[in-house]
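Trainee: I'd like to ask you about the structure that follows.
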Amino acid sequence: MKFGVLTGGGDCPGLNPAIRAVVLRAARFGHETVGFLDGWKGLRDDQSRPLRPTDVTDLISKGGTILGSSRTNPFAKEEDAAQVLATIARHHLDALVAIGGDDTLSAARELYRRGGRVVGVPKTMDNDVSGTDWTFGFHSATAVAVDALERLRDTAGSHHRAIILEVMGRHAGWVALATGIAGGADVTLVPEEKYDEAAMLEHVRAAVSARGYALVVASEGIDLGARRGSTGAKDEFGHELLRERDVGAELARRIQEATGVETRSAQIGHIQRGGPPELFDRILATRLGACAVDLAIAGRFGEVAVLRGPVVLGIPLDEALGQPKTVTADWLDLLHTLEA
Ligand code: F6P
């Protein structure tokens, strides 16, 4: 068989180990792999590179993606869709492995509906793909945010300040939730919960009076009412560029004004997305990449490799693309148990 592989959407640690697993698993059964560059753009514009086992053996600890990524939607225009199908035919691909989050996997589903022999591998630092317990990228990216919060704790304590750490995560609060819990924030704000300014200020005051400083973790996707900074700019899949809203800076302004406590904010942004994948992500990415190849060899196109408990398995793309997976009430309850 001839396999194609691509990585689409926002990059995250684990993409390279997943590519590596695809290539090595395919090679194990005597199959070859070609990598398409910059996500669906590479299939649309027919830009690729061969991927031999020797090209990927050293990728296990490398962040980013050697194939490049983009947020190209290949089905936004019919002529682009035709070009994708033409590239697949020109390369005589027997199977395509699309590694990505909701957007990349939706495009894979559309390709499957049009007769494409495609399987998916879920990834995203946001951890918001349904049908899988975890997506790789999340643990590594969140560990970076926890490290940042610990550093902010030192300086907040020295200066008796409140500090806000704004983290990524788009419309799912998993990154903020895990950062808040693992980093010991006094308040954690996630998009799944209506913003309550009075409660937030009360927690900040309580933390400052108890030990002289306060730490707040805010997800970029929370709604503070006023959309400061947003230009309304959207990507090809229609998502607003949330970091422009600067919710961390706005929160800092409000806290300082209401409490008189000197307040600063830090936006971690893309620092979260780089760096080597952590242990969990290396292994998950490897298992899912290999599973995707097995699904293709078994002719199970239109499926996506997922983790359920200790097991990796294939489920229909439709099942993974129902609703994004967001933070549930039991997690919020735990979070509130730990707040100042
Ligand atoms: O989906 C992953 C993610 O990192 C989100 O958490 C964030 O909102 C978005 O990508 C940022 O996108 P970009 O890299 O295009 O600025």
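Trainee: Tell me the label-point distance for the pair ASP55, LEU241, using the 7 Å Cα-to-Cβ offset, in nm and rounded to one decimal.
Mentor: 3.1
Trainee: Let me ask something additional. Using the Cα centre of the stretch 141-273 as the reference point, and only Cβ charges (+1 on K/R, -1 on D/E), how large is the resulting charge dipole? Debye, rounded to the nearest 20. Spell out each step's value before the answer.
Mentor: Working: 16 positive and 20 negative charges, 55 e Å.
For this selection, approximately 260 debye.
Trainee: Do you know the relative contact order of the chain, to the nearest whole percent, from alpha carbon pairs under 8 angstrom that are 6+ apart?
Mentor: Working: 799 pairs, mean separation 77.2, N = 340.
In percent, rounded to a whole number, it is 23.
Trainee: According to a simple spin-label model (label point 7 Å from Cα along Cα-to-Cβ), what is the distance in nm between LYS194 and LYS77?
Mentor: 4.4
Trainee: Test of understanding: extend the Cα→C-beta vector of GLU262 to 7 Å, then name every residue of the stretch 152-166 with backbone N under 14 Å from that spot.
Mentor: Under cut-off, by backbone N: 155-163.
Trainee: A further question on this structure: May I ask you to list the lysines whose Cα is less than 22 Å away from that of LYS234, ignoring any residue fewer than eight positions away on the same chain?
Mentor: Reachable lysines: LYS41, LYS77, LYS123, LYS325.
Trainee: Obtain the nm distance between the two label points defined at ILE271 and ALA86 by a simple spin-label model: each point lies 7 Å from its Cα along the Cα-to-C-beta direction.
Mentor: 4.6
Trainee: Let me ask something additional. Can you sort GLU303, GLU79 by how many other beta carbons sit within 10 Å, fewest first? Walk me through the intermediate numbers first.
Mentor: Working: GLU303 24, GLU79 7.
With the fewest neighbours first, GLU303, GLU79 line up as GLU79, GLU303.
Trainee: For THR328 and ASP154, calculate 0.36 nm times their separation in residues minus their Cα-Cα distance, and state this gained length in nm to one decimal. Please report the intermediate quantities before stating the final value.
Mentor: On the way: separation 174, 0.36 × 174 = 62.64 nm, distance 3.10 nm.
Computed gain between THR328 and ASP154 is 59.5 nm.
Trainee: Still on this structure, please answer the following. Quick one: CYS291, CYS12, fewest Cβ neighbours within 10 Å first, how do they rank?
Mentor: Details: CYS291 24, CYS12 28.
Going from sparsest to densest Cβ surroundings: CYS291, CYS12.
Trainee: Starting from the Kirkwood Rh over alpha-carbon pairs, what translational D in µm² s⁻¹ does the chain have by Stokes-Einstein at 20 °C and 1.002 mPa s?
Mentor: On the way: Rh = 20.7 Å.
Answer from the Stokes-Einstein relation: 104 µm²/s.
Trainee: Now for a separate question. From the gyration tensor of the Cα coordinates in the stretch 141-273, what semi-axes in whole Å does the equivalent ellipsoid have, largest first, with each one equal to sqrt(5λ)? List each step's numbers first, then the result.
Mentor: On the way: eigenvalues 111, 53, 30 Å².
In descending order, the three semi-axes are 24, 16, 12 Å.
Trainee: Where the only charges are on Cβ atoms (+1 Lys, Arg; -1 Asp, Glu), what is the dipole of the stretch 29-138 about its Cα centre, to the nearest 20 debye?
Mentor: Numbers: 13 positive and 16 negative charges, 41 e Å.
Dipole about the Cα centre, nearest 20: 200 debye.
Quick note: the coordinates plus some simple rules give every number you see, no bench work behind them. Computed from a predicted model, the values in this text were never measured in an experiment. Because the Cβ atoms are built from the backbone with ideal geometry, glycine has one as well, and the counts that use them run over all protein chains shown.
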